[in-house]
Amino acid sequence: MNRVRQILAAAASFAALLVAAPGHAAEPSVFASLDINKAQGWADALAACDMTRFFLSNPDLEAGTIIAPGGGILYKPLFIPEKTLYTPSLNDALDTLVLVGQVKREEVVEARFQFASTLIPRFHKAGEVDKAFLKDQMKLCNVLTDDVKKRYGG
């Protein structure tokens, strides 16, 4: 848990630079609850990154199913992945963190369900500020997953 906070503190510094960059509006994003700087632990951070990647794929939420990277199928209405998370890289990070006792899979499932329940209905309201937020957030998520690989050998 302390390592998550250290990573997020470093990521927050990076995020502050991104937010201060020209072209980024100050108004809050529809996706503000995904901010990994506010994550309460690995479960929230992984679920937030997963939803970030999902929304960056610009999913057709009117479709009955969506094919996930790695071949999984997500079903309407919440598009919950069969393998816990949307992308293989996040599933790898999750598997590693579960193996070393840093998080329980059930906690991640619950966190992702909560984010999906709240944010999928709001997706249609997303605009340019929201897309910028997701792109910035994705950079932080990449730092997070890279750190898991380096630290735990995932």
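Each reported figure results from applying straightforward, stated rules to the coordinates on display, with no laboratory input. Since we're looking at a predicted model, the values are computed, not measured. Neighbour counts run over all protein chains shown; Cβ positions are idealised from the backbone, glycine included.
Filter region 123-138 down to residues that are surrounded by 14 or more Cβ atoms within 10 Å (Cβ to Cβ) and out of contact with any Gly (no Cβ under 9 Å at 6 or more places or on another chain), then give me how many there are.
10
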Within region 43-79, restricting attention to residues that are charged (D, E, K, R) and more than 22 Å from Glu107 (Cβ to Cβ), which residue is surrounded by the most Cβ atoms within 10 Å (Cβ to Cβ)?
Lys76
Can you pull out the residues in region 80-102 that are surrounded by 14 or more Cβ atoms within 10 Å (Cβ to Cβ) and on the phi > 0 side of the Ramachandran plot?
Thr84
Where in region 70-154 are the helices (runs of 4 or more DSSP H), entirely inside, with at least 3 residues that are charged (D, E, K, R), under 22 Å from Val30 (Cα atoms) and in contact (Cβ under 8 Å) with a residue 12 or more places away in the chain?
128-152
